[in-house]
1. Under a cut-off of 12 Å between alpha-carbon atoms, report the aspartates and glutamates in cross-link reach of Lys543, not counting same-chain residues fewer than 8 places apart.
2. Under 9 Å from the Cβ of Glu235, count the other residues' Cβ atoms, weight Lys and Arg +1, Asp and Glu -1, and hand me the total.
3. Efficiency by 1/(1 + (r/R0)^6): what FRET value for Ile481 and Arg143, r their Cβ-Cβ distance, R0 = 35 Å, to the nearest 0.05?
4. Helix 111-121 versus the longest principal axis of the chain: what angle, 0 to 90°, nearest 10, using Cα atoms?
5. For Lys424, go through the lysines and keep the ones whose alpha-carbon is under 16 Å away, minus same-chain ones fewer than eight residues off.
6. Averaged over every viewing direction, what's the projected area of the C-alpha convex hull for segment 47-198? Give it in nm², one decimal, please.
7. Scan around Val382 for amide H atoms under 5 Å from its own, H built in the peptide plane at 1.01 Å from N, and keep only partners 5 or more places away or cross-chain.
8. Most exposed first by the Cβ proxy, i.e. fewest other Cβ within 10 Å, how do Phe185, Phe147, Phe31, Phe403 rank?
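Quick note: the coordinates plus some simple rules give every number you see, no bench work behind them. These numbers come from a predicted model, not from an experiment. Ideal geometry is used to build each Cβ from the backbone, glycine not excepted, and the neighbour counts take in all protein chains shown.
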Amino acid sequence: MRQRSMLIPTLREIPAEAEAASHKLMIRGGFIRPLAAGIYTYLPIGWRVLRKIEHIIREEMDRAGAQELLMPAMQPAELWKQSERYGVYGPELIRLHDRNQREFALGPTHEEVVTALIRDTVSSYRSLPMTVYQIQTKFRDERRPRFGLLRGREFMMKDAYSFAIDWESLDSTYQSMYETYHRIFTRCGLHFRAVEADAGSIGGEGETHEFMALSDIGEDTVVACPSCGYAANLEKAVALQQKQESASPSSNVLCEKFATPGIKTIEQLVHALGIKAEAIIKTLVYIADGQPIAIAIRGDHEVNELKMMHWLRAESLELADEQTIQQAVGGPAGFIGPIGLPIKLLVDHSAAQITAGTAGANTTDYHVRNVVPGRDFSIEHVGDFRNVKEGESCPQCSDRLKFYRGIEVGHVFKLGTKYSDKLKAETADAAGQQTKLIMGCYGIGVSRLLSAIVEQYHDEQGIRWPASVAPFQVHLIPVSIQDETQIHLAETLYQKLINLGIEVLMDDREERPGVKFKDADLIGIPIRLVIGKKSNEGIVEYKSRTSSESVEMTVAEAIEHILKPFAHE
Ligand code: 9G3
């Protein structure tokens, strides 16, 4: 392609509203342009990258025996009412009415649609197991779209759905998709980890894994063991349960209320009393499905709300506000304690093992010391309700766990019959018995993956695309298009490369060399060929985007260099 006539609006200045490196570079490089918050146009070179990524996804999904189809974005509300999800999602689910006032949703995902489709089209277990997939635009009205394509409101997703007659069949499809995801992300050049995850809002009965692109801009926390393969989303991660060393010598010392005027936070308690956070029993009040519930954890730990929700089997969970606390507990926020609470109390394992703890007294400006869990308050509801901390022991090999930031680019779920129950998708099994279909679902955020690759492959000058997804393979740059020799050599080389099937972007613009080189660095095509002053000797300058120096060589040598990576094909 000739750059003069291509729509690649590069920018020198950094767009103010962009925070993430990938967001800045994809705007400056002329890959995307915003239309509205979280809604983007993919410009020609951005679309070329997206199609490269889709090509890899299609090759690997087809290789795994999945069938591509395309479902509508407009989904009848009835389907979401049958699955009982219409009420679960708030403003994030974009709803509309058609001309006859019928209710629709713009598809954020397609469990309902695909389950109804397979219910109405698959009549025998002999067609199973079956996996269908699509690469399609999804709509989710995020409250805070941010970081460009990383969290958009209209975005590209590859979503696949598998249907089986029994669980072992689902297990093998799940394993196959897991391996397929490994191949897809590896071919895209991504540095990633597959981690144990929480099924979250999708529910479902089985295991689930997320594929995390490692990046400091990632919103998720990956907990991984440097020695063994243990890796989990922080929502799910556990540590080797510490066994409390010492018994409690002070257990015959009664607990005692004492004045702590204005001392509310853990930090204030630690400083004022000279005690450690590990010896403090922190008590919080939540509202779970409308009911107040208290939780006691160690002062240096954080509540893991997903672990609480699962234990409570609650649909919703949020911190109680001060007035609710006053009503529910009879005491002020900031001085809540586990002793004598009139509401259910959950106790984290580590809090239950505190020997002589300090806790709120449920009275303004008072705390209690020498608190013994099990003696001074019930530890009937004890469990794992906390986030692990970096440095704790791995649950598998007891090496020390490390934290990484991650961008979720893939998520695979075992759904079971959650949707086939609601939508009555069943078929006769070999014994003629009507059986609800056992489902799995598998997502890749395709546009998010594009940004994750840029987050991992860039430098100050711009993007450094892996060859597998680059918009072109070679950036051919004649320094001066007034120079007949240079233009002639550039045209010759251009035709040769095109005829060899190489994707070439030729910068035939009447721009100064510096502008051309800065744009080439921004756009990030892996190989740059400069036709300069030695063109009359048939010499070109070969430069890889990932190295700083150019190498002079003949046209023949340059072509050989370019073809080398593809030699095996
Ligand atoms: C909604 C809205 C947002 C949502 C969902 C539903 C996330 C929703 C979970 C999934 C699960 C899997 C198939 C591909 C892989 C992920 N956000 N999820 O169900 F109505 Cl507004 O989408 N779906």
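1. Hits, sequence-local ones excluded: Asp521, Glu552.
2. Here the count lands on -1.
3. Efficiency for this residue pair is about 0.10.
4. For 111-121 against the chain, the angle is about 70 degrees.
5. Lys81, Lys436
6. Approximately 11.2 nm², given one-decimal rounding.
7. Val347
8. Phe403, Phe147, Phe185, Phe31
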